[in-house]
Every structure is written in structure tokens, then in C-alpha cells.
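The values are calculated or read from the model by the stated rules, or taken from the named source; none is laboratory data. As the structure is a computational prediction, the values presented were derived from the model and not from experiment. Positions of Cβ are backbone-derived with ideal geometry, glycine not excepted, and every protein chain shown enters the neighbour counts. Heavy atoms of the whole protein, side chains included, go into the accessibility calculation; ligands, DNA and RNA do not. Shrake-Rupley method; radii C 1.70, N 1.55, O 1.52, S 1.80 Å.
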Amino acid sequence: MRAPGERSTGSVTSAAFGSLPGGRRIEAYTLTNPAGVEVQAITYGGIIVSLKVPDRHGQLHDVVLGYDDLAGYLTESPYFGAIIGRYANRIGRGRFVLDGRTYTLATNDGPNHLHGGVKGFDKVVWEAEPFEKTDSVGVIFSYSSPDGEEGYPGNLAVTVEYTLTANNELIFDYRAVTDKATPVNLTQHSYFNLAGTPGGDILDHELTINADSFTPVDATLIPYGAVAPVEGTPFDFRTPTAIGARIEQDEQQLEHGLGYDHNFVLNRGDAMLVRAAQVYESKTGRQMDVYTTEPGIQFYSGNFLDGSITGKAGHVYGHRYGFCLEPQHFPDSPNRPEFPSTILRPGEEYHSTTIYVFSVRP
Ligand code: BGC
């Protein structure tokens, strides 16, 4: 029982969420805060399978795409809700040179390596440790990626802490250590629809991205290397703009991405944690702010969703029914010395924080 005046912190519960074909049991952890916000994440891929947040009338709805059961995540998921690693985004031609040695990775996205390879961190089973603190609840996922896994060097010990606070903040805290130099770039790959899924396409959502520049890409979505100003382009989201306002413009970068599928270079100054983006959905009043310590954010407008996936409650996910905002280092950094380094060395600790904050406008 709580003493009078003592604040309720919310709760963490766990339950079975099916089994892998080999029999290994997958658990779901449900984090709830006093406002009723509820996050459910599973030990397979650390996947957020549901995230319920209130609209302006206090109605809770699930705002992330996914499946009702494990089977969907095992067979056809385009990384719905998962932890992405060892390297989020693309590495050109699946190759990089580190300390004079060439490493070859799977090419699982046309000519390139994407999201850690054939069996990335989205497809492994994580250990989970729930916790309750004074003002928050959460779960710590941990995974030991063996030396050579998916072609990457070094044994990498990773933890990703998911925290839900009483202030409707969902915090991801990523840490990793290695015994050999290796690229590391971790992110979270939830597909959001703030209207509440399946809410239709996300083209009316108003997006702000705190970036004066972005990294233009070739037709396989590998950056050319140079950073380009967003000024005067459809990539200028410095003031709130509907995602769909310019997405069909006849513009080469939009053609390459089939819409938005680009890394934005965040304006940071000296700040460690900056507000990277804000998204507002006017029908429900839901708003999401994204803060991160990362130098970039990949904005993906769900261009590959094409109606071929049937997700939760039998809903078909049509073209651009969800968007992703993935804080991360820039694509292909292991081959781009001019980009912020993604190399983690023995004795160092990788540490990255991202916060999604949910609120409503009246
Ligand atoms: C990538 C997209 C890709 C999607 C799902 C995003 O992070 O930028 O190109 O289609 O993930 O795989």
C-alpha cells in the first residue's frame, strides 16, 4: 500500500508471448505509468509490440504498427518496433576497412548491408530485467553479440534500457563494450501513426526536424558524403510542415528514397541531448517529441509499406501508414571518415540516449 501523498510509479508485468520454432519462450514486458500510458516490449528483438498513449480526450490508442502475435514478427516484419544493430542503416556494398583490415558483411538490401545483416539485433533473443524506480518503470534488455557475428569483429556486450516515466517519456539508453574495434550504431525502429493505428496514412502529420542539413544519397540510399543544406528543398522541416506537403514533388532525392528515407544532420551546438524532431497529429491532438544524443536522425515515411502486410487486428498497412524517426549516426559512416565516427574500441563505452515524449495539444 502507498502512504498518503506518495506517488504511484506505475508497474511492470511480464507474460508469455509465444515461442520460437526451436521452443524458446518469448516474454512480453508491459510497462504502465500513472497516466495509463502502456508500452509492451518483447524479448525477441526488444520489439515494442504496442504503445498506448492518450489523445486530447484522454482516450488511449496504440500508436505503433506491428502484429498481434510472434509469428508475424518472425516471418515478414520490416523491423517493426525493433532494436537495430550492430549497425543501423546501410553500409555501402557490405564492406568496410578498419585498422587496415577489410570486413565483408551480408548484402541484404540490394548491393548494400542494412540494419545489421541477415540476423541483426532485431532477430535475436534478449535477456530482460525489469525494474521499478520512484518515478519510472522499465526493462533492461541485454545481448552478447559474439565475435564474427554477421561479419562484425569483436564480442560486443550490449544493453538497452527502456524506461517509461510518470511524465509520458519513453527513454532508450543504449550501452555497449567490445573486445575488438567494431562499428556500432544502435537505434529503435518503431513505426508510428499518432492517429492511432491503423489510422490511415501519415501524410497529414506535421513534422518538425531540427536540422539545417541532410546527407543526400544515391539511388541505393548510400550518402554521397557531402552534407547539403535543407534550405529551399522538400527536406526543410525546420518549421512544422505536413509530411505529405512536398513528398510527391519531382525531386531527385525524393525519387531515390521513394519519398523520405534520409538522414538529417541535427543542429546541436554544445548540447548533449537535443530536441531532434516533433510530430503533431491534429485530429487526435497527439504530439511526440524526440530528443537524442545522436548526431543524426533517419526520417523514413513508410514508403515500402504497400498494403501487403496485415498487422494487428487484421488491419492492412497501406502505403505510408506509419513513419519512423530513428536517431542514429549517419549511414555508411565506416566508409566515410568525414562523418562522426561509429567505431567503438576496447576500453571505451558506447552510450547513446533517445527520448520520445508524448503529449497532447488542446
Ligand atoms: C530504412 C528504409 C527501410 C526501412 C525498413 C529504414 O530505416 O531507412 O530504407 O526500408 O528501414 O527496412
When the charge dipole of the chain is computed with +1 at the Cβ of Lys and Arg and -1 at the Cβ of Asp and Glu, the Cα pointing farthest to the positive end, of L258, A16, V37, is that of A16
Stokes-Einstein D for the chain (20 °C, 1.002 mPa s, Kirkwood Rh from Cα pairs), in µm²/s, comes to 104
Extend 7 Å from the Cα of Q59 along its Cα-to-C-beta direction; within region 6-46, residues with backbone N under 20 Å of that point are 35-39
Largest-first ranking of E251, E127 by accessible area, probe 1.4 Å, whole protein assembly kept, is E127, E251
Extension length gain for D109 and E251 (0.36 nm per residue less Cα distance), in nm, is 48.8 nm
Sequence order, region 262-278: Karplus ³J(HN,Hα) from phi using 6.51 cos²θ - 1.76 cosθ + 1.60, θ = phi - 60°, Hz rounded, Gly and Pro as x, gives 9, 8, 9, 8, 6, 6, 10, x, 8, 5, 6, 9, 10, 6, 8, 7, 9
Taking R0 as 45 Å and r as the Cβ-Cβ distance between S14 and T241, the FRET efficiency 1/(1 + (r/R0)^6), rounded to the nearest 0.05, comes to 0.65
For K52, the lysines lying under 29 Å Cα to Cα, once residues fewer than eight places off in the same chain are dropped, come out as K119, K123, K133, K283, K312
Whole-Å distance linking the alpha carbon centroid of region 262-301 with that of region 84-105 is 26
In whole angstrom, the spacing between the Cα centers of region 211-260 and region 112-182 equals 30
In the neighbourhood of N185 defined by beta carbon distances under 14 Å, the net charge of the other residues (Lys, Arg +1; Asp, Glu -1) is -1
Residue separation between E127 and R93 times 0.36 nm, minus their alpha-carbon distance, gives in nm 9.0 nm
With the dipole of the chain defined by +1 on each Lys or Arg Cβ and -1 on each Asp or Glu Cβ, the option from Y174, N303, L65 whose Cα lies farthest towards the positive pole is Y174
About its Cα centre, the chain carries a charge dipole, from +1 on Lys and Arg Cβ atoms and -1 on Asp and Glu Cβ atoms, whose size in debye to the nearest 20 is 420
Spelling it out for F17: with amide H atoms placed in the peptide plane at 1.01 Å from N, the residues 5 or more places away or on another chain with amide H under 5 Å from its amide H are I26, E27, A28
Taking placed amide H atoms and a strict 5 Å upper bound, the residues 5 or more places from A276 or on another chain that come that close are V290, Y291, T292
With x for Gly and Pro, the residue-by-residue ³J(HN,Hα) of region 62-69, computed from phi through the Karplus equation 6.51 cos²θ - 1.76 cosθ + 1.60 at θ = phi - 60° and given in whole Hz, is 6, 10, 10, 7, x, 10, 6, 9
Residue by residue through region 107-122, the couplings from Karplus 6.51 cos²θ - 1.76 cosθ + 1.60 with θ = phi - 60°, in Hz, x for Gly and Pro, are 9, 10, 8, x, x, 10, 8, 10, 6, x, x, 5, 10, x, 5, 6
Stretched fully, the stretch from N303 through K180 gains (0.36 nm per residue minus C-alpha distance, one decimal, in nm) 40.6 nm
Placing each pseudo-label 7 Å from Cα in the direction of the beta carbon, E338 and T220 end up separated by a distance in nanometres of 2.0
The set of residues whose placed amide H lies less than 5 Å from the amide H of H61, leaving out same-chain residues fewer than 5 positions away, is V53, D55
Calculated from DSSP helices alone, with each H run of at least 4 adding -39500 (n - 2.57) and the total divided by the residues of the chain, [θ]222 nm to the nearest 500 comes to -500 deg cm²/dmol
Descending packing, highest mean Cβ count within 10 Å first, for 97-110, 344-357 is 344-357, 97-110
